[in-house]
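Worksheet for the structure shown next.
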Amino acid sequence: MHLLNEFPEYLPFRILIDQARRGPEQQWRRFGKDADAVPQPYLQTPPTGSRNMPLAAPPPIESARLHVRPVAESDLPALMEVNGDEVVTRFLPYATWKSMADAQAWLERMSGLQATGTTLQLVIARKDTGKAIGTCLLFRFDEGSARAELGYVLGRAHWSKGYMREALAALIDCAFGSMGLRRLEAAIDPSNVSSARLLRGLGFTREGLLRQRWLDEGQPGDEEVYGLLRHESRSIRDAAGPMPRIAPIDPPYPPELQAEFDKLMRGAPPLLLFRTVARNPRVLQRMMAGGLLDRGSISLRSRELAILRTCARCGAEYEWGVHIATFGDKAQWTPAQVHSTVHGSASDGCWSPEDALVIRLADQLHDTSRADDALWKEISAHFAPDQLVELIMLAGLYHAVSYLTNAIGIQKEAFAPGFP
């Protein structure tokens with residue numbers, strides 16, 4: 001399995017951010033001595049026809065769960081966890097950091113590139129902890145053409161949770177808005193189908209294949225090029241699909257509804273689902289009153305697994321993504337388990353016996369609206385009667401939520417991943 005195929009977060013920076021001890025000759029040698037093969041930020045002069053004006057610094061960028069902000073020296077310990085992980089850097093065009101000296105050298109190098117006005121290095125930080133979990137950047141900025149290239153990387157502990165989709169959606173909106181860019185470009189390995197899907201979901205168009213574009217340790221590699229123009233730009237919400245059949249209500253909300261949202265979301269913006277159901281305030285109120293997301297008789301893990309499997313079987317990508325993004329950390333899903341909730345089965349080796357029973361129950365309820373005697377005997381040995389009632393009711397409730405999101409066509413949230 002090629003890591004880049006499975007994790008779209010690993011679209012590489014197309015600049016070599018290697019250790020500072022490597023001189024320019026060594027940096028060039030990695031890609032071949034032809035100057036055209038050297039990533040543009042390493043060239044000392046701007047491309048012909050461009051004007052040497054700096055890339056404008058963006059205003060503060062934030063999304064539901066993230067801040068996207070300029071990198072600071074205080075971020076280096078957290079970024080050491082990202083770039084010091086050989087699993088992360090194994091297939092990327094730069095060396096794994098071995099020490100904080102490498103981190104400091106990277107920061108100095110990026111500061112130098114930013115001083116040329118062609119590069120803007122940012123970190124992706126979680127709002128709840130303030131900790132940097134990855135980086136993204138705009139580089140090869142051409143002021144005359146108002147274009148730049150996009151790169152990004154995310155720490156392994158944060159894969160498959162929608163963070164990169166959320167961060168890039170916010171950055172792209174800013175790039176085409178206040179920063180005044182006209183075109184964004186991205187380049188990926190042609191076999192990186194997950195990154196291709198991510199880019200297409202953000203509105204990018206595949207524009208061509210550059211054959212044997214790079215030499216890495218003497219081995220030629222192709223490059224697939226994607227582009228996005230300002231007039232065709234779509235955020236994650238816009239790229240999530242066609243317009244919904246029932247539009248969500250827009251703020252400002254009536255005071256009584258705002259109070260409901262505040263109670264439900266604890267100050268965060270209300271989900272598109274809730275804004276849509278709010279077209280019928282009575283249904284919204286009943287829906288909230290009948291929810292089972294409080295501390296119940298079953299573990300959060302079993303609750304979330306029942307919900308994820310039910311939504312996946314119903315094809316309810318919206319609700320599946322919201323639960324992965326909101327509760328995935330607490331449930332401690334592995335990438336294999338996230339994939340299996342949609343494409344796998346209870347027999348997959350990633351599941352414990354108890355997890356497998358929850359999946360089997362969700363599947364039987366979906367397929368037959370019943371649980372057969374054999375399954376009931378097994379699951380009754382692991383779950384008490386009150387827990388079984390809750391598991392079955394969860395399946396029923398999330399069938400109803402799935403019907404609603406699918407029939408109306410509610411668009412995906414900016415922070416929520418799609419099906420793997």
Tell me the Kirkwood hydrodynamic radius of the range 291-408 in angstroms, computed as one over the mean inverse distance between distinct C-alpha pairs.
14.2 Å
Give the lysines whose C-alpha is closer than 30 Å to that of LYS131, dropping any in the same chain fewer than 8 places away, or say none.
LYS98, LYS161, LYS263, LYS330, LYS412
5 angstrom amide H check on TRP214, placed H, neighbours 5+ away
GLY221
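Is there a quick way to get the dipole size of the range 291-408? I mean about its Cα centre, with the Cβ of Lys and Arg at +1 and of Asp and Glu at -1; what is the value in debye to the nearest 20?
Dipole magnitude for the range 291-408 comes out near 100 debye.
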Output wanted: per-residue J couplings in Hz (rounded whole) for the range 225-231, from phi through Karplus 6.51 cos²θ - 1.76 cosθ + 1.60, θ = phi - 60°, x for Gly and Pro.
10, 10, x, 9, 9, 4, 6
Ordering of 356-365, 212-221 by burial proxy (mean other Cβ atoms within 10 Å per residue, highest first)
356-365, 212-221
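Classify the range 148-225 from the C-alpha gyration tensor, please: rounded if a/c falls under 1.5, else prolate or oblate depending on whether a/b exceeds b/c.
Oblate shape, in that a/c is at least 1.5 and b/c is the bigger or equal ratio.
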HN-Hα J couplings of the range 270-280 from phi, Karplus 6.51/-1.76/1.60, θ = phi - 60°, integer Hz, Gly and Pro as x?
x, 5, 4, 4, 5, 5, 7, 5, 5, 4, 10
Amide H neighbours of VAL123 under 5 Å, at least 5 residues apart or on other chains, H built in the peptide plane: list them.
ARG69, VAL71, CYS136
Per-residue ³J(HN,Hα) for the range 95-101, Karplus 6.51 cos²θ - 1.76 cosθ + 1.60, θ = phi - 60°, Hz, x for Gly and Pro
6, 5, 5, 9, 7, 5, 5
Can you order the peptides 177-188, 377-388, 298-309, 118-129 by their average number of other Cβ atoms within 10 Å per residue, highest first?
298-309, 118-129, 177-188, 377-388
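Whole-Å semi-axes of the range 344-417's equivalent ellipsoid, largest first, each the root of 5 times a Cα gyration tensor eigenvalue?
Output for the range 344-417: semi-axes of 26, 16, 11 Å.
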Could you tell me which residue out of THR334, SER352, ALA381 lies farthest along the dipole of the range 291-408 toward its positive end? Charges go on the beta carbon: Lys and Arg +1, Asp and Glu -1, centred on the Cα centre.
THR334
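Kirkwood Rh over alpha-carbon pairs of the range 48-159, then Stokes-Einstein at 10 °C and 1.306 mPa s: what D in µm² s⁻¹, rounded to an integer? Don't skip to the answer; put the middle values down first.
Details: Rh = 14.8 Å.
Approximately 107 µm²/s, per Stokes-Einstein.
Computed from the coordinates by the stated procedures, all read-outs in this text should not be read as laboratory data. All values derive from a computational prediction rather than experimental measurement. All Cβ positions, even for glycine, are placed from backbone atoms using ideal geometry, and neighbour counts span all protein chains on display.
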